[in-house]
2 protein chains.
Amino acid sequence: MGERHLITLITRWLSRQPRFSTLVRGIGDDCATVRCAGKRELLTADAFVEGVHFDRRRVSAHDAGWKSLAANISDIAAAGGIPACALVSLELPPSLGVSWLKGFYSGLLSCARRFGVAVAGGNLSRSTHFAAHIALTGKAPARLVGRSGARPGDIVAVTGRMGGSLAGLLCLKRGIRGTAARTAIRRHLHPEPRVAEGRELAKVAHALIDISDGLVHEASLLAEASKVRIVLDASAIPVHPAARSLARRLGKSPISLAAGSGEEYELLAILPRRLAGRAQLKGMGVIGFVARGRGVIGLKSAGFDHFRNG
Amino acid sequence: MGERHLITLITRWLSRQPRFSTLVRGIGDDCATVRCAGKRELLTADAFVEGVHFDRRRVSAHDAGWKSLAANISDIAAAGGIPACALVSLELPPSLGVSWLKGFYSGLLSCARRFGVAVAGGNLSRSTHFAAHIALTGKAPARLVGRSGARPGDIVAVTGRMGGSLAGLLCLKRGIRGTAARTAIRRHLHPEPRVAEGRELAKVAHALIDISDGLVHEASLLAEASKVRIVLDASAIPVHPAARSLARRLGKSPISLAAGSGEEYELLAILPRRLAGRAQLKGMGVIGFVARGRGVIGLKSAGFDHFRNG
């Protein structure tokens, strides 16, 4: 049973709730938007499960702590918000020592400090594995932005360079060392969510999503929510230098690393076409455009010239 | 490594955070209190983990869904708040069918409807077991109440009758049937958090906690946070009729069922002594008093007469 199918089902079940004045926008974006004391607030939850999201033999406690909060902060960034308060619900296996837990909190709290997040408390539970389920609140931007606002004619832009995280994960798994591997592994384990960029983008973007599960996958979620087709120019995707230099050793093309890399925590923004130049000036990569239709396709099959001249 | 020791450590680590204007009161109570748009908001998180908190062979999906949200709502009740918006972060094992998940959401959403909670979204993760980590926001009461305000001379009161939940759990485990068992099992699987009572109590109570982990255990947490001794009159603890009638078959005394029963989701309130009569009028049981010292003791060793005449 695929995750997307399950989310479709859960979305249907949740849509049968009574209308609540507290709920501005529920399931379907990186964050929910709720009303708190008359103002909009962002809410998001994410999980970091041993054996699924990380391997405790290969990831330090500090990195696990940093990354588990960074993933949530990235969701707030993708809503153009400012992260505020976190709750940390942990599952702890008997094999976990206090020193590991201390390292985890040290990483989590350094990420919290870096992004101005207050860790307000949480919960502890026994378990057979380690898992961190973090819920995070955020201040909502004046203008709501989500996945569903893309329109034909818009451009597709990304912050940062892709592929480093996946390259780092593969280096970790295969024990590859060296300078590029260290850079890529750090990119995988110590992501810097794009909060400042998200706040700027939320002022102008038609749609916004964070790249937590691969560029093409996230583009397809956005296309589905917006009921449009996203046309990507693979050759325009900014590739992380470490991914480029490691690609051959990893047996992958730089583009496939960049297109498929999860946990980049960069932002994919859908912008009005007139902002293409400004996006490039700000260091974003313009990697495609929005068309009528559905799904995500590579540029060649959709007509490169149309994009360039259109 | 005990949970209390871990919580002490985590409290210490969190106390080294910078001061945040968003954080009114962090770890140490049933809920955290944060500031949202200038107003106080409650935040709480709780987990419901297969194999730890329930057994999927014995608990229906609907009951699991109800109970996992009810536990969070009870935390908001213990802060005197009004529950508002929930995020549901699930771990799903491959063996879990869609019909089970549908039942889970059906129970969760019926609990949400009953208490006016909007389910705003959440997260899905693969796992080896089922777990539901729920975060819940709530509207804070005008007057903050937590675990630390008990003072010598106060009285100890409880809502409801104790022991039913533990009796129900034991009936489930041992396959005991019959009317009393059915009542006790329902009490265990379908708790009704005391939101209305919590709101009333928050106006006058010196301290408040919910009974999610046994009356005596919760009293000891409250005594520790308030730096007082809590003296309980075991004979005054209201025993649930189903617990009383099942006690012999379960090989327990009614009092031991009532004192040790977790997941009651009743409230234990520390009230000024002058309110003892009013508490009784409202159907609460007055079960002890607060003295100088530390810990929880039974009434006999502390002087029954002192309590009655004091």
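The values are calculated or read from the model by the stated rules, or taken from the named source; none is laboratory data. In this text the structure is predicted, and so the values were computed from the model without any measurement. Here Cβ is always computed from backbone atoms with ideal geometry, including for glycine, and neighbour counts include all displayed protein chains.
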In segment A:1-40, what count of residues is obtained for those that are modelled with pLDDT of 90 or more and under 19 Å from residue A:220 (Cβ atoms)?
-> 7
Being among the β-branched types (Val, Ile, Thr) and assigned to a strand (DSSP E or B) is the filter; apply it to segment A:153-166 and report the residue that is nearest to residue A:243 (Cα to Cα).
-> A:158
Exclusive hit being modelled with pLDDT under 95 and closer than 24 Å to residue A:180 by Cβ, set A:243, A:259, A:247 | A:259
Out of A:274, A:248, sole residue that is closer than 22 Å to residue A:164 by Cα and of a type in the set (D, E, K, R) | A:248
Tell me, which residue of segment B:133-145 that is within 18 Å of residue B:28 (Cβ to Cβ) and surrounded by fewer than 24 Cβ atoms within 10 Å (Cβ to Cβ) is farthest from the other protein chains (Cβ to nearest Cβ)?
-> B:143
Of all residues in segment A:88-132, how many are closer than 25 Å to residue B:33 by Cα, more than 8 Å from every other protein chain (Cβ to nearest Cβ) and aromatic (Phe, Trp, Tyr)?
-> 2
Helices (runs of 4 or more DSSP H) wholly inside segment B:167-264 that include at least 1 residues being β-branched (Val, Ile, Thr) and surrounded by fewer than 23 Cβ atoms within 10 Å (Cβ to Cβ) | B:179-189, B:195-204, B:215-226, B:254-260
How many of the residues making up segment B:41-67 are among the acidic types (Asp, Glu) and within 7 Å of chain A (Cβ to nearest Cβ)?
-> 2
Is there a residue in segment B:271-279 that is modelled with pLDDT of 95 or more, under 30 Å from residue B:66 (Cα atoms) and either buried (at least 21 other Cβ atoms within 10 Å of the Cβ) or not hydrophobic (A, V, I, L, M, F, W, C) (or both)?
-> no
Out of A:212, A:245, A:261, A:220, report the one residue that is more than 29 Å from residue A:107 (Cβ to Cβ) and small (Gly, Ala, Ser).
-> A:220
Could you please let me know if residue A:287 is more than 19 Å from residue A:225 (Cα to Cα), assigned to a strand (DSSP E or B), hydrophobic (A, V, I, L, M, F, W, C) and at pLDDT 90 or above?
-> yes
Filtering segment A:48-63 down to residues that are of a type outside the set (A, V, I, L, M, F, W, C) and under 19 Å from residue A:127 (Cα atoms), which residue is surrounded by the most Cβ atoms within 10 Å (Cβ to Cβ)?
-> A:50
Condition set buried (at least 24 other Cβ atoms within 10 Å of the Cβ) and in contact (Cβ under 8 Å) with a residue 40 or more places away in the chain, scope segment B:120-132, selection farthest from residue B:66 (Cα to Cα): answer is B:131
Looking only at segment B:175-199, which residues are in contact (Cβ under 8 Å) with a residue 12 or more places away in the chain and either small (Gly, Ala, Ser) or farther than 18 Å from residue B:48 by Cα (or both)?
-> B:176, B:180, B:181, B:183, B:184, B:194, B:195, B:197, B:198, B:199
Over segment A:5-40, the set of residues more than 7 Å from chain B (Cβ to nearest Cβ), surrounded by fewer than 23 Cβ atoms within 10 Å (Cβ to Cβ), under 24 Å from the mean Cα position of the chain (by Cα) and in a loop (DSSP other than H, G, I, E, B) is A:28
Strands (runs of 3 or more DSSP E) contained in segment B:41-152 and holding at least 2 residues modelled with pLDDT under 95 and not assigned by TED's automatic domain parsing to the domain that holds residue B:193 = B:118-126
Please verify whether segment A:31-54 includes one or more residues that are in contact with an Asp or Glu (Cβ under 8 Å, 6 or more places away or on another chain) and on the phi > 0 side of the Ramachandran plot.
-> yes
Checking residue A:268 against (1) more than 19 Å from residue A:170 (Cα to Cα); (2) without any contact (Cβ under 8 Å) to a residue 40 or more places away in the chain; (3) within 21 Å of the chain's Cα centre (by Cα), which test does it fail?
-> (2)
